[in-house]
Amino acid sequence: MKTAVVERADTVGGRCLNEACIPAKAVLRVADAYKEVTEAKDFGISVSGVDFDFAGAAGHRDKVIKTLTGGVSMLFDKNKVEVIRGQGSLTAGGNVEVDGKEIEAAKVVLATGSVARPILGLEFGERILDTAAMWLTSAQPKRLAVIGAGASGTEVASAFGRLGTDVMLIEALDQILPLEDKDIARACQREIAKQNVTIVTGANVESVEDTGSAVKIVVNGETHEFDLLCIAAGRGADTEALGLDAADVKTDDRGLIEVDGALRTSREGVWAIGDLVPGPALAHKASDEGIIAVEDAAGLDTHPIDYPYVPRVTFCSPQVASFGLTEAQAKEAGHDVAVGKIPMGAVGAPTVYGERGGMIKLVGDKAYGEILGAHIVSAKAAELIEELVIARDLEGGYPEVARSIHPHPAFAEAVLEAARATDGWLIHG
Ligand SMILES: Cc1cc2nc3c(=O)[nH]c(=O)nc-3n(C[C@H](O)[C@H](O)[C@H](O)COP(=O)(O)OP(=O)(O)OC[C@H]3O[C@@H](n4cnc5c(N)ncnc54)[C@H](O)[C@@H]3O)c2cc1C
């Protein structure tokens, strides 16, 4: 199909590459490298005069963004995708208008993502930042408060804490990473608390005041002062400029665009994907939806996404990765639940590499050995989760994973042992 992308920002690659996933992971990678250097003495390597300058971290981040957005531009050129600069909206007739000029389009995919919405009646500014502004900062704060200990807030705390900032991570619910299984959140919390991060769960934020030179926060009756506050809670679909009503595209009560399994909206010829539609707000989910929408638009057969089984990762240290049901959700849904747990230190590789923190927990259904949920807190969790995703996609269960030969010594042996534990024959543990 003759294809054009309408983008109002100066660069391509969306928020993921320019202000979200990628800059975040670039700064987190610097925190990992810093830790490796400062803890090198555990391996008999003495390093003196270690000096960290945030400008270097920002330089790495900016270089990564430039390389990856450059790659997207190259792909557009290679595949003859035209990029039209400007703000796009739908016309009543189902075409696209860019800054007043109408472009005829037989098929339109909406992919305008989401924006941060300030909570607690606050406004974003110089000292009160959303997560995008936090990751793009050029100066490291000495004292940082983060409100919201979901994936984004926990990543901010883990990065800046390890780089030397005094961080307070503030969460209203009774655990960090509230969507994760309780055992996993607890194991992660233990590790984050060692990273210069004070964690306040069950927090009641009574007031926030930007004094002009600091941010004063009263939480659970105590007053604290910070250089910056990062709000890592509350996002909404970026639909304001799209003209959805005029084009008769329906949204739900949360402002998300209503779609079917092929990402078709209520308006014929218009599809919507990514953070604009229900499901986890994740880049790989958005990307897969893009493929499905285009397959459908091209008249090909396609398949709907099984949303609870989209893997989700928090790139704090150690990483947290999961999909499917927690133990509590599986029990509540009435499954005949089997649970297998293994601490990472039970197998060889994490000990060899000095990364013993964390655990794996599998939640299965005894009837057919189905993997209902997989939950990992460990170094390399983002890679480890994928074998369980594939096992499930290929209709394998935990008994099959338990009989699949894994290389030694590898972190993946902990996945093997967790599967064996779920199947009732744990060997190392
Ligand atoms: C700090 C942070 C870290 C994250 N980390 C991860 C991660 O590690 N892994 C992960 O999977 N997900 C992560 N996410 C989520 C991920 O960024 C989003 O799920 C993903 O970017 C959604 O992709 P999208 O295509 O829907 O929209 P976006 O990436 O938001 O892109 C939308 C694009 O549309 C443009 N646009 C908007 N309106 C218009 C208009 N009217 N006309 C023209 N252009 C317009 C915008 O400029 C933007 O470029 C993170 C999010 C944040 C905030």
Quick one: would you say Leu169 is part of a strand (DSSP E or B), modelled with pLDDT of 95 or more, of a type outside the set (Asp, Glu) and within 16 Å of the ligand (Cβ to nearest atom)? yes
Filtered residues of the stretch 120-144 (kept if within 13 Å of Glu209 (Cα to Cα) and surrounded by 20 or more Cβ atoms within 10 Å (Cβ to Cβ)): Ile128
Tell me, which residue of the stretch 255-291 that is hydroxyl-bearing (Ser, Thr, Tyr) and farther than 18 Å from Pro308 by Cα is nearest to the ligand (Cβ to nearest atom)? Thr265
Where residues in the stretch 172-206 are among the acidic types (Asp, Glu) and part of a loop (DSSP other than H, G, I, E, B), which of them is surrounded by the fewest Cβ atoms within 10 Å (Cβ to Cβ)? Asp174
Taking the stretch 107-124 and keeping residues assigned to a loop (DSSP other than H, G, I, E, B) and modelled with pLDDT of 95 or more leaves Lys107, Ala111, Thr112, Gly113, Phe124
For the stretch 99-119, which residues satisfy the criterion of being within 13 Å of the ligand (Cβ to nearest atom) and surrounded by 17 or more Cβ atoms within 10 Å (Cβ to Cβ)? Val108, Val109, Leu110, Ala111, Thr112, Gly113, Ser114, Ala116
Within the stretch 232-254, of all residues that are charged (D, E, K, R) and either farther than 15 Å from Cys16 by Cα or away from the ligand (no atom under 12 Å from the Cβ) (or both), the one surrounded by the most Cβ atoms within 10 Å (Cβ to Cβ) is Asp248
Within the stretch 191-235, which residues are within 26 Å of the chain's Cα centre (by Cα) and without any contact (Cβ under 8 Å) to a residue 24 or more places away in the chain? Ala193, Lys194
Touching a residue at least 40 places away in the same chain (Cβ under 8 Å), assigned to a helix (DSSP H, G or I) and out of contact with any His (no Cβ under 6 Å at 6 or more places or on another chain): which single residue out of Ser89, Ser158 fits that description? Ser158
Within the group Glu417, Glu413, Glu387, which residue is charged (D, E, K, R) and either surrounded by fewer than 19 Cβ atoms within 10 Å (Cβ to Cβ) or at pLDDT below 95 (or both)? Glu387
Quick one: is Thr67 surrounded by fewer than 15 Cβ atoms within 10 Å (Cβ to Cβ), assigned by TED's automatic domain parsing to the domain that holds Ala9 and at pLDDT below 95? no
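The values are calculated or read from the model by the stated rules, or taken from the named source; none is laboratory data. Note that the coordinates shown come from a computational prediction; the quantities given were computed from them, not determined experimentally. No Cβ is skipped: glycine too gets one built from the backbone with ideal geometry, and neighbour counts run over all protein chains shown.
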